[in-house]
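Derivation of every value follows stated rules applied to the coordinates shown; laboratory data play no part. Since the model is a prediction, treat every value here as computed from it, not as a measurement. Here the Cβ is made from the backbone with ideal geometry for all residues, glycine too, and neighbour counts use every protein chain on show.
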Amino acid sequence: MCGFIGILGPEGAEVLPDLGTGLLAIQHRGQDAAGAVTYDGRFHMHKARGLVREVFTPEAVATLRGRMGIAHVRYPTVGLGSVEDAQPFMISYPFGVGMVHNGNVTNFDEIKQEISSTSHWHVNSSCDLEGILNVFGDELAQQQIEQLKPEHVFSAVSGVYRRVKGAYSVVGIIAGEGMYAFRDPYGIKPIIVGSRKDGRGRVSWCVASESVLMDVLDYHSTFDLQAGEAIFIDLEGRLHRKKLTDRPHSPCLFEWVYFARPDSFLDRVSVYKTRLRLGELMAPIWRNTGWVADVVIPVPESAVTSAMALARALGMTYREGLVKNRYIGRTFIMANDAERRSSIRQKLNPIQLEFEGKRVLLVDDSIVRGNTSRQIVDVARKAGAREVYFASVSPPLRYPCIYGIDMSTRNEFVARDRTAEQVAESLGADGVVYQTLENLIAAVRDGNPDIRNTCHACFTGEYPTGDVDEVQLSRIERERLVAAGPGDLNGISR
């Protein structure tokens, strides 16, 4: 899971300040590396390991000039996470093309072999974006274009859809021509487009992973790309858009549960209100257990909204009893398991008065690998809690995500082949309750009834692209184990 932004401004504009501000707004989507490419008659690129503020120093970005550019924050799901895998990527032929993406290509190995043997394109990294970029460039080159038109871009995107499997949202720039973007045929990964006008009536365009970025940069005229939809914006600021596939739109449910900021909208659905609804829907599930708690305490920060709604629905006391060190990154998207384990205790500290002698209901957005939850239960007990219950506002995660979320190996899931009672025993809790999948889908659809399908593969093992087999699952597991290193092979985290 990564974050990206692309901007095409009017003649004479400089997009770098907005690219940097935009990346800061979506830093939560990736903390491993960051980078940007701008164009002012030639491409200028800078990318490095680290947070946005560390990568984009004044000295490093002095040459990043131009009216259009793309930028990215990376959270590695394939490859080794080296700087060579950081985005953006560029090719100089045809035209000169830059690209960033969010997602995961499930047939990356096949693409590398195909384009190397038939088209003689060379893939130089282990980042799957390079596969998308080379296929896109190959599809453009095959058209033997004299003057680029939107139809040529759409034809190239159709070729990407035909040859590239998986889930991906993409934005890029073409030298001297404009900016393009597209969303995978099933619409699994989010992408939003916005426009604004300056005081002289000149239009600027922005494409991004989340709507919060549009708010920060004042792009208030927005729309989400649909599944299989592509756009091209020329240098005159004219928008061209075309839907190229007719597969069912199936956005990822875990975006609303955990990844997106609460002040974002995804496919016109408020993340904040979805999390409120998830908390309200947990209330009858808790009541049916017959258990009793004195206080509801959220695990910050994704679960705060749901925990407040749950406490209100139950008429229970709500307290923020765990204090988060905001200078520690999101443990779920840290590069490896060792980093997750070492940061969890540094990240959260209890307010002892809120735990001492009480029966505590802890609320978190999800339980994935188990280490975070286990350590939080331990923290609660050491702070004096008499009983500790744990509520997950998402259903049990049991199956690998092959679409770009770092939960790729089947033996990582604490809920895999376990009942809720067994999970509670593993976490050291007095009890564990889970949200239902039906409730999660309903919470999202309540915000947009037009969402008739969703990607819920991590809960059910049903992959919407319909092309996932045991060979693919095993290959992705091997990649993750190699990237994790020998010390992490048996680790269970979050």
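Test of understanding: what is the full-extension gain from E356 to S221, defined as 0.36 nm times their sequence separation minus their Cα-Cα distance? Please report the intermediate quantities before stating the final value.
Values: separation 135, 0.36 × 135 = 48.60 nm, distance 5.00 nm.
Extra length available between E356 and S221 comes to 43.6 nm.
Going from the residue with the fewest nearby Cβ atoms within 10 Å to the one with the most, E421, E354 rank E421, E354. When Rg and Dmax are taken over the Cα atoms of region 270-448, they come to 15.4, 44 Å.
Close amide-amide hydrogen proximity is noted between V432 and F390, A424, each under 5 Å apart and 5 or more residues distant or on a separate chain (H modeled in the peptide plane; Pro and chain starts excluded).
Working value for region 141-191: equivalent-ellipsoid semi-axes of 21, 13, 7 Å, each the square root of 5 times a Cα gyration tensor eigenvalue, largest first. For the chain, the number of Lys pairs separated by eight or more positions or lying on different chains, with C-alpha atoms closer than 24 Å, is 20. Per-residue Karplus couplings for region 243-250, computed as 6.51 cos²θ - 1.76 cosθ + 1.60 with θ equal to phi - 60°, are listed in order as 8, 10, 9, 10, 6, x, 5, 9 Hz, Gly and Pro entered as x. With respect to the chain, whose longest principal axis is taken over its alpha-carbon atoms, helix 470-484 is tilted by about 80°.
In this rough spin-label picture, where each label sits 7 Å from Cα along the Cβ direction, the T21-R200 distance is 1.9 nm. Amide H contacts for C455 (H built 1.01 Å from N in the peptide plane; partners 5 or more residues away or on another chain; cut-off under 5 Å): C252, L253. Hey, what angle do you get for helix 150-163 against the long axis of the chain, alpha-carbon based, 0 to 90 degrees rounded to 10? Between the helix axis and the principal axis of the chain, the angle is about 50 degrees. For region 3-249, the C-alpha radius of gyration sits at 0.92 times the compact-globule guess of 2.2 N^0.38 Å, with N the residue count. Only one residue of V377, V423, T436 has its Cα farthest out toward the positive end of the dipole of region 270-448, where Lys and Arg carry +1 and Asp and Glu -1 on Cβ, and that residue is V377.
How would you order 46-52, 453-459 from highest to lowest mean count of nearby Cβ atoms within 10 Å?
The most tightly packed comes first, giving 453-459, 46-52.
Sorting F259, F223, F43 by the number of Cβ atoms found within 10 Å of their own Cβ, with the fewest placed first, yields F223, F43, F259. Local charge sum around I351 (other residues, Cβ-Cβ under 14 Å, Lys/Arg +1, Asp/Glu -1)? Around I351, the charge tally is +1. Per residue of the chain, the DSSP helices (runs of n ≥ 4 H) give a summed -39500 (n - 2.57) that works out to -8500 deg cm²/dmol at 222 nm.
About the Cα centre of the chain, what is the dipole size in debye to 20, counting +1 per Lys and Arg Cβ and -1 per Asp and Glu Cβ, all else neutral? Before the final figure, lay out the partial values.
Details: 56 positive and 60 negative charges, 205 e Å.
With only Lys, Arg, Asp and Glu charged at Cβ, the dipole is about 980 debye.
Summing Lys and Arg as +1 and Asp and Glu as -1 over all other residues whose Cβ lies under 13 Å from the Cβ of Y434 gives a net charge of -2.
Helix 371-382 axis versus longest C-alpha principal axis of the chain: approximately 30°, rounded to the nearest ten.
Here region 87-220 is treated as an ellipsoid with the same Cα gyration tensor; its semi-axes, largest first and in whole Å, are 27, 18, 12. The simple spin-label model puts a point 7 Å past each Cα toward its Cβ; for T460 and S92 those points are separated by 4.9 nm.
So what is Rg over Rh here for the chain, counting just Cα atoms and using Kirkwood for Rh? Walk me through the numbers on the way to the answer.
On the way: Rg = 22.7 Å, Rh = 23.1 Å.
Dividing the radius of gyration by the Kirkwood radius yields 0.98.
For region 270-448, the dipole from Cβ point charges (+1 on Lys and Arg, -1 on Asp and Glu) about the Cα centre works out to 240 debye, to the nearest 20.
With θ taken as phi - 60° and the Karplus curve 6.51 cos²θ - 1.76 cosθ + 1.60 applied, the whole-hertz 3J(HN,Hα) list for region 179-194 is 10, 10, 7, 7, 10, 4, x, 9, x, 6, 9, x, 7, 10, 10, x Hz, x standing for glycine and proline. Note that region 212-222 has calculated 3J(HN,Hα) couplings of 4, 5, 5, 4, 4, 9, 6, 9, 9, 9, 10 Hz, one per residue in order, obtained from phi through the Karplus relation 6.51 cos²θ - 1.76 cosθ + 1.60 (θ = phi - 60°); glycine and proline are x. Other residues whose C-beta falls under 14 angstrom from the C-beta of A48 contribute a net charge of -1, scoring Lys and Arg +1 and Asp and Glu -1. Close amide H contacts of V360 (hydrogens built in the peptide plane, cut-off under 5 Å, sequence separation of 5 or more or a different chain): D294, R386, E387, V388, Y389.
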